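Enquirer: Mind looking over this structure? Questions follow.
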Amino acid sequence: MEPPSLVDQLPDGVVVADGTGTVTAVNAAARRLLGETAEVGRTLGDVLALQDTDGAEWHPTNHPYATLPSVTGVPEQSWLTADGTEVLTTARINRERRGGPVTSVAVVVRSGRGRERLDRDRSDLVATVAHELRSPLTGVKGFVGTLLRRWESLNDDQKRLMLTTVHVDAERLTRLITELLDVARIDTGRLPLYPREVDARVIVERVVEAARTGTTRTLTLVVDDDVPSVHADPDKLTQVVANVVDNAIRHGDGEVSIRLAALATPYAGALLRVDDEGEGIEEAIRTRVFTKFWKHGVRGGTGLGMYIVGGLVRAHGGDIEIDDAPSGGARIEIRWPSDDRR
C-alpha cells in the first residue's frame, strides 16, 4: 500500500485546476466533502458543484478564469453541497506574471461545522450575558421608577431600602462587567500582570477576614509558619483567593476550611487548599468547572469565577486542581510558585 501524499495528509480539502480549468489534483479531504464529483480530469465547475441558499453556483459566481487581472484570490465563502452540508471555500488564482492569464486555481474546502459550533457558542454567550445583565437591570429600573413616581408618598425607611437594593444591583452589574473584561483578556492573552514578591499569608488572611464579615458560616484558617513569599500580582492573587473562598461558601455547606502551606514540589511556592462540606464535584465533570458560564448546583453566581481563577493561576505559572475533601465536599488546591514561571 502506497503512503498517502502530502496533500492527502492535510485536514482541509484541496482542489487544483490548471489554466484550462481541468482539475489536476484532489486530496482525500476534498473527496469526502465534495463527493463523487471530486475527480481529477473533470472541470473545476463540475468538481465544485456547490450552490448558495439562492441557488447560485460557485464557478459562475466567482468566474476565476474571467476575473480582473488584478484579482489574486477569492475570500472565504459559505456554500452548500448537494446533500445540504455547509462548506467554506477560499481560492488562490495564480498567474505567471502580473496581469497575465490564469495558469492555475487552487481551492481550499473545509467543513462548516466548526463555524456553526463557533456561532452557536457565541449565541449562547450573548444569551447568557443578556440574562445576567437583565436580572439586576430589572431591579434597578423597577425601584428607580417607583422612587420617581412615588417619592413624596414614601417614607425615609422605604426610600433607603429601595436605594440600597439599587446600589447592590449596580455593584452586581459592575462585578459582571469586570468579570467579562477579565475573560476577554484571558482569552486574547492580553491580561495585564504586575507581579512581584508577595507575602501570600497577608493576602489570604485579609480575604478570609473580609469573607467572615459577610457570612454566618464558620471559616477556619490555618497558615503554616514556613510559607514562603510568592511571585504574583497582588491584586490578581487577591482575586483568586476571594473567588475560591466565595465559591466554597456559596456552594458548600457547614464549615469552610482554608489552609496555606509551603510547597516544595513540583516547584517551590505556596499551596492554598480550600475544603467545603457540600456535595462535592464528580470527577467526570471537574474539568468543566473551569469553562465559561459553567454552574454547579442552584446557588447563583455568573459561572465565570472559576474560569477566571484558572486563567489567573495559569498566567502566573501555577496550577489548580479539584479533589474530594475529607468531609465529602469539594477541595480546591492552588499551587502558586515563588519564582517567575510564566
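What follows draws every value from the coordinates through simple rules; no lab data is involved. All of these numbers come straight from a predicted model, not from anything done at the bench. In this analysis, Cβ positions are derived from the backbone assuming ideal geometry, glycine residues included, and neighbour counts consider all displayed protein chains.
Enquirer: Sorted by mean Cβ packing within 10 Å, highest first, what order do the peptides 19-29, 305-315 take?
Expert: 305-315, 19-29
Enquirer: Collect residues whose amide H, placed 1.01 Å from N in the peptide plane, falls under 5 Å from the amide H of VAL102; neighbours closer than 5 in sequence don't count.
Expert: HN-HN under 5 Å from VAL102: empty list.
Enquirer: For n ≥ 4 DSSP H runs only, could you compute -39500 (n - 2.57) per run for the chain, divide by its residues and tell me the 222 nm figure to the nearest 500?
Expert: Result for the chain, helices only: -12500 deg cm²/dmol.
Enquirer: Continuing with this model, one more query. Using the Kirkwood radius over C-alpha pairs as Rh, can you work out the diffusion coefficient of region 7-111 via Stokes-Einstein at 25 °C, viscosity 0.890 mPa s, in µm² per second?
Expert: Here the translational diffusion coefficient equals 180 µm²/s.
Enquirer: Could you please state, rounded to a whole Å, how far the C-alpha centre of region 230-254 is from the C-alpha centre of region 326-342?
Expert: Cα centroid of region 230-254 versus Cα centroid of region 326-342: 11 Å apart.
Enquirer: Please give the contour-minus-distance gain from ASP199 to LEU147: 0.36 nm per residue of separation, less the Cα-Cα distance, rounded to one decimal in nm.
Expert: 14.0 nm
Enquirer: Now a separate question. How would LYS236, LYS292 line up from fewest to most surrounding beta-carbon atoms within 10 angstrom?
Expert: LYS292, LYS236
Enquirer: Please list the non-local residues whose amide H lies under 5 Å from the amide H of ARG42, H modeled 1.01 Å from N, same-chain partners needing a gap of 5 or more.
Expert: Distant-sequence amide H within range of ARG42: VAL23.
Enquirer: Using a ≥ b ≥ c from the Cα gyration tensor of region 168-264 (square roots of the eigenvalues), is it rounded, prolate or oblate, where a/c under 1.5 gives rounded and otherwise the larger of a/b and b/c decides, a/b for prolate?
Expert: It is oblate, given that a/c is not under 1.5 and a/b is not larger than b/c.
Enquirer: Summing +1 for each Lys or Arg and -1 for each Asp or Glu, what net charge is found among the other residues whose Cβ lies under 9 Å from the Cβ of PRO69?
Expert: Charge balance near PRO69 sits at +2.
Enquirer: Within a Cβ distance under 15 Å of ARG190, other residues only, what is the Lys/Arg minus Asp/Glu net charge?
Expert: Charge balance in the 15 Å sphere: +1.
Enquirer: To continue, here is another question. In a GNM of the chain with a 10 Å cut-off on Cα contacts, which of ASP319, ASP233, ASP157 has the highest mean-square fluctuation?
Expert: Largest GNM mean-square fluctuation: ASP157.
Enquirer: Could you work out which residue, out of ALA200, ALA284, ALA184, moves most in a Gaussian network model of the chain, that is, has the largest mean-square fluctuation with Cα springs under 10 Å?
Expert: ALA284
Enquirer: How much net charge surrounds VAL207 when only other residues with a Cβ under 14 Å from its Cβ are counted (Lys, Arg +1; Asp, Glu -1)?
Expert: 0
Enquirer: Out of these labelled values of Cα extents along the principal axes in Å, [x] 107, 76, 32; [y] 69, 41, 38; [z] 80, 64, 39, which was calculated from the coordinates shown here?
Expert: The calculated read-out lines up with [z].
Enquirer: When the Kirkwood hydrodynamic radius is evaluated over all pairs of different C-alpha atoms of region 206-342, what value in angstrom, to one decimal, is obtained?
Expert: 15.1
Enquirer: Shifting gears a bit: In degrees between 0 and 90, to the nearest 10, how far off the longest principal axis of the chain does helix 156-188 point, with axes built from Cα atoms?
Expert: That works out to roughly 40 degrees.
Enquirer: Can you give me the long-range amide H partners of PHE293? Hydrogens built in the peptide plane at 1.01 Å from N, cutoff under 5 Å, separation of 5 or more residues or another chain.
Expert: Amide H neighbours of PHE293, under 5 Å, 5+ apart: LEU304.
Enquirer: Could you give the distance between the Cα centres of region 279-293 and region 147-220, to the whole Å?
Expert: 24
Enquirer: How many nm is it between the label spots at ASP83 and ASP187, if each spot is 7 Å from the Cα in line with the beta carbon?
Expert: Spacing of the two 7 Å Cα→Cβ label points: 3.2 nm.
Enquirer: For the chain, what is the relative contact order in percent, using Cα pairs closer than 8 Å and at least 6 residues apart in sequence?
Expert: 10
Enquirer: Let me ask another. I need ILE186, ILE258 ordered by Cβ neighbour count within 10 Å, fewest first.
Expert: ILE186, ILE258
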